[in-house]
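What follows is one structure encoded as structure tokens, with my remarks underneath.
The values are calculated or read from the model by the stated rules, or taken from the named source; none is laboratory data. Since the structure is predicted, the reported quantities are computational estimates derived from the model, not experimental observations. So basically every Cβ, Gly included, is an ideal-geometry build from the backbone, and we count neighbours across all protein chains shown. These accessible areas exclude ligands, DNA and RNA; they are computed on the full protein's heavy atoms, side chains included. Shrake-Rupley method; radii C 1.70, N 1.55, O 1.52, S 1.80 Å.
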Amino acid sequence: MSTHITVKEYRRRLKAAAREAKDAGVGALLVTPGADLQYLCGYDAVALERLTCLVITPDGPTRIVVPELEVLAAQASPIADLDVEIVSWTETEDPHRAVAKLCAKATRVWVNPQMWASHVFAFQNQFRLARLGPDQIVATLRLRKSKVEVAALAEAGAAIDRVHAKVPGMLRPGRTEREVGAQIAEEILAQGHATVDFVIVASGPNGASPHHEVSDRVIEVGDPIVVDIGGTMPSGYCSDCTRTYAIGQPPDDYLAAYQVLRQAQRAAVEHVRPGVTCASVDAAARDVLADAGLGEAFVHRTGHGIGMSTHEDPYIVAGNDTPVEAGFAFSVEPGFYLPGRYGARIEDIVVATEDGVLRCNNETHDLVIVDD
Ligand code: ZN
Ligand code: ZN
């Protein structure tokens with residue numbers, strides 16, 4: 001039985017957004033297609049030049065302005081069961097003006113940070129007296145995962161774990177990264193994801209580039225291979241998991257560095273609990289690598305929040321002194337990258353709980369050596 005977000009939960013989210021807007025003195029909250037819109041009302045609309053925009057006014061009705069040709073699509077979404085009025089616009093109308101009219105009294109208008117700049121500028125022209133600013137309300141709501149969201153992330157984690165369990169059978173010398181990547185993408189769908197979001201198969205020296213995707217490089221005996229993969233489940237929640245493999249025995253210095261990475265990743269996961277700062281989770285991993293002389297080779301933050309987007313708050317990075325709360329979900333993904341030689345990364349999604357941490361990814365963290 002797959003997790004799904006109930007109408008009751010969407011109602012709770014919309015109500016919370018309106019309440020927070022009121023407390024912040026925000027007269028209107030405008031949300032165009034993207035993860036924020038999907039979070040609030042379950043409508044997975046495509047972001048286009050034609051305006052679709054949810055309009056939350058703290059004391060008035062909640063409405064969604066949609067192109068006439070998308071009314072049926074909106075009605076087919078959970079919106080139909082929520083107290084959201086659908087307001088359509090025809091091809092010859094100005095939808096930004098229509099939105100401005102719905103919240104004419106607002107002096108402070110917040111827009112979702114992922115709104116297209118073309119829409120922001122069009123709104124700026126319409127709201128002559130109101131001040132436009134980036135919304136912080138929905139990101140804050142999304143930060144603290146509810147029980148059903150945690151279940152959805154655990155389900156996504158289990159699905160991507162099943163893909164990783166099959167990766168050793170796909171890795172053979174003589175195959176290209178692209179061939180392996182295509183097979184992994186099929187498996188991501190076969191294991192229950194609705195979409196494939198990214199597939200990284202970084203073999204040999206390509207492993208030193210953290211965001212390498214796939215290439216026509218032929219996998220060779222002795223290669224370490226970083227496989228970082230993720231997709232979105234029908235629930236709307238994302239998976240993201242990295243494991244590192246090797247074809248035959250990699251060099252001794254690589255094996256030694258991998259053991260340090262393994263300890264660094266474990267130290268950071270075990271550090272997670274309510275009250276510790278995001279920066280301290282980053283430090284827990286970074287200190288282990290630095291003590292072994294690999295500090296310079298760990299070139300990115302330790303992690304990112306995850307939910308209906310693969311990357312969202314909180315960011316697990318030095319300087320982020322936000323305390324972790326129960327319900328925060330994020331990746332713990334230290335790595336080391338030595339240009340021209342090789343790289344490695346271990347990534348799990350974890351959720352802070354009242355008394356510790358829930359691990360969403362549970363395939364082995366050891367270097368998986370595939371026979372050559
Ligand atoms: Zn990843
Ligand atoms: Zn990640």
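Filtering V26, V46 for residues that are in contact with a Pro (Cβ under 8 Å, 6 or more places away or on another chain), among the β-branched types (V, I, T) and open to solvent by 20 Å² or more (accessible area, probe 1.4 Å) leaves a single hit, V46. Figure legend. Inter-residue proximity from the range 130-152: first residues farther than 24 Å from G27 by Cα, second residues assigned to a strand (DSSP E or B) and open to solvent by less than 40 Å² (accessible area, probe 1.4 Å), beta-carbon distance below 6 Å, spacing 6+ or different chains. Indicated pairs: K145/A329; V150/V351. Listed here are the strands (runs of 3 or more DSSP E) enclosed by the range 185-249 that have at least 1 residues being within 16 Å of ligand 2 (Cβ to nearest atom), open to solvent by 10 Å² or more (accessible area, probe 1.4 Å) and of a type in the set (V, I, T): 195-203, 224-232. Is there a residue in the range 297-316 that is over 24 Å from G157 (Cα atoms), assigned to a loop (DSSP other than H, G, I, E, B) and modelled with pLDDT under 95? No: the range 297-316 contains no residue that is over 24 Å from G157 (Cα atoms), assigned to a loop (DSSP other than H, G, I, E, B) and modelled with pLDDT under 95.
The residues of the range 119-131 include none that are part of a strand (DSSP E or B) and either in contact with a His (Cβ under 8 Å, 6 or more places away or on another chain) or modelled with pLDDT of 95 or more (or both). Checking each residue in the range 283-300 for being within 16 Å of ligand 2 (Cβ to nearest atom) and in contact with a helix residue (DSSP H, G or I) (Cβ under 6 Å, 6 or more places away or on another chain) picks out A285, F298. Among all positions in the range 346-356, there is at least one residue which is in a loop (DSSP other than H, G, I, E, B) and within 22 Å of V148 (Cα to Cα). I'd like to check something: does the range 359-370 contain any residue that is crowded, with 23+ Cβ neighbours inside 10 Å and more than 14 Å from ligand 1 (Cβ to nearest atom)? No, the conditions are met nowhere in the range 359-370. Cβ separations smaller than 7 Å between residues 6+ apart or across chains give the following pairs from the range 326-352 residues that are under 14 Å from A257 (Cβ atoms) to residues that are assigned to a strand (DSSP E or B) and away from ligand 1 (no atom under 16 Å from the Cβ): Y342/P224; A344/P224. If the condition is being open to solvent by less than 70 Å² (accessible area, probe 1.4 Å), in contact (Cβ under 8 Å) with a residue 60 or more places away in the chain and either aliphatic (A, V, I, L, M) or closer than 26 Å to A159 by Cα (or both), then the range 3-23 contributes T3, I5, T6, V7, E9, Y10, L14, A16, A17, A21.
Of all the listed residues (G275, G307, G293, G303), the sole one being touching a Ser or Thr at 6+ places or on another chain (Cβ under 6 Å) and assigned by TED's automatic domain parsing to the domain that holds V221 is G303.
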